[in-house]
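**Q** Here's a structure for you.
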Amino acid sequence: MVARRTRHRNAREPSLHQLRLFLVLVEELHFGRAAARMFISQPALSQQMRALEQRLDISLLERRSGTLTLTPAGHALAEQAKEVLRAMAQLLQVSHTHAGTVRGRLRIGSLGAEAAMPHARTVLDRLHNRHPHLEVEVLNLNFVEQFDALADGTVDAAFLRAPLPSSFQSIQLATEPRVICLPADDPLAHETQLTLAQIADRAVVNMPPEVPRQW
């Protein structure tokens with residue numbers, strides 16, 4: 001007798017990004033709060049969770065009267081998802097430890113002209129000196145795509161500006177003062193220091209609606 005593990009024909013492997021989003025949602029049990037933590041829009045998070053359920057061909061979440069709960073399958077998946085992410089972190093650690101000469105291509109994202117700033121140029125120059133066989137490609141990112149590009153692997157690392165999602169590992173490279181540009185005839189234009197309350201009634205250039213409101 002030959003035993004064979006059966007699998008539903010519609011089931012597909014979930015992405016690590018989907019598992020990370022799911023675990024944050026498990027902690028928050030609220031789409032709005034989970035989306036804010038991961039710096040994505042609430043509709044995007046809902047779409048990813050529906051895609052995860054479709055890939056696994058199971059129901060993970062129950063939404064009733066504004067309350068979000070986990071199904072039994074959701075509870076089981078949460079434990080397994082933690083193990084998968086821990087195993088992937090260990091795998092990457094082992095591979096980094098045993099890696100020899102670094103070759104290949106590294107894709108680095110840049111929010112606007114961040115890669116041209118002195119601190120970013122220092123990092124890129126040092127990277128080239130340490131790993132001359134590594135091909136580095138810098139990709140320009142906008143406010144809408146910057147976090148998604150990191151999460152889905154479009155870029156391997158990025159020069160961005162805080163605030164960042166809590167799931168990202170980051171290193172602060174520089175600090176800058178925050179300034180405001182005002183018309184020359186504005187009563188506040190000659191002040192050397194302003195508070196947010198003083199400019200609360202001024203019109204500002206807003207971010208696109210897809211950008212998390214923390215920005």
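**Q** Answer with a single label: of (i) 1, 7, 14, 19, 19, 17, 13, 7, 3, 1, 0; (ii) 1, 5, 10, 13, 14, 14, 13, 10, 8, 6, 3, 2, 1, 0, 0, 0, 0, 0; (iii) 1, 7, 13, 15, 16, 14, 11, 9, 6, 4, 2, 1, 0, 0, 0, 0, which was calculated as P(r) over Cα pairs in 5 Å bins from 0, in percent from the structure in view?
**A** The value computed from this structure is option (ii).
**Q** I would also like to ask the following. How many angstrom separate the Cα center of segment 166-185 from the Cα center of segment 14-79?
**A** If we compute the Cα centre of each part, the gap is 32 Å.
**Q** Using helices alone, I'd like the mean residue ellipticity at 222 nm for the chain: each DSSP H run of four-plus residues gives -39500 (n - 2.57), total over residue count, nearest 500.
**A** One gets -12000 deg cm²/dmol as the mean residue ellipticity at 222 nm.
**Q** Just the number, please: percent antiparallel of the DSSP beta bridges in the chain, rounded to the nearest 5.
**A** About 25 percent, rounded to the nearest 5.
**Q** Which cross-chain or sequence-distant (5 or more) residues have an amide H under 5 Å from the amide H of Phe159, H modelled 1.01 Å from N in plane?
**A** Gly109, Ser110, Leu111
**Q** A further question on this structure: Taking H as built 1.01 Å from N, whose amide H comes closer than 5 Å to the amide H of Leu61, not counting residues under 5 places away?
**A** Under 5 Å from the amide H of Leu61 lie the amide H atoms of Thr71, each far enough along the sequence or on another chain.
All of the numbers you see were taken from the coordinates with simple rules; none came from a lab. This is a predicted model, so every value here is computed, not measured.
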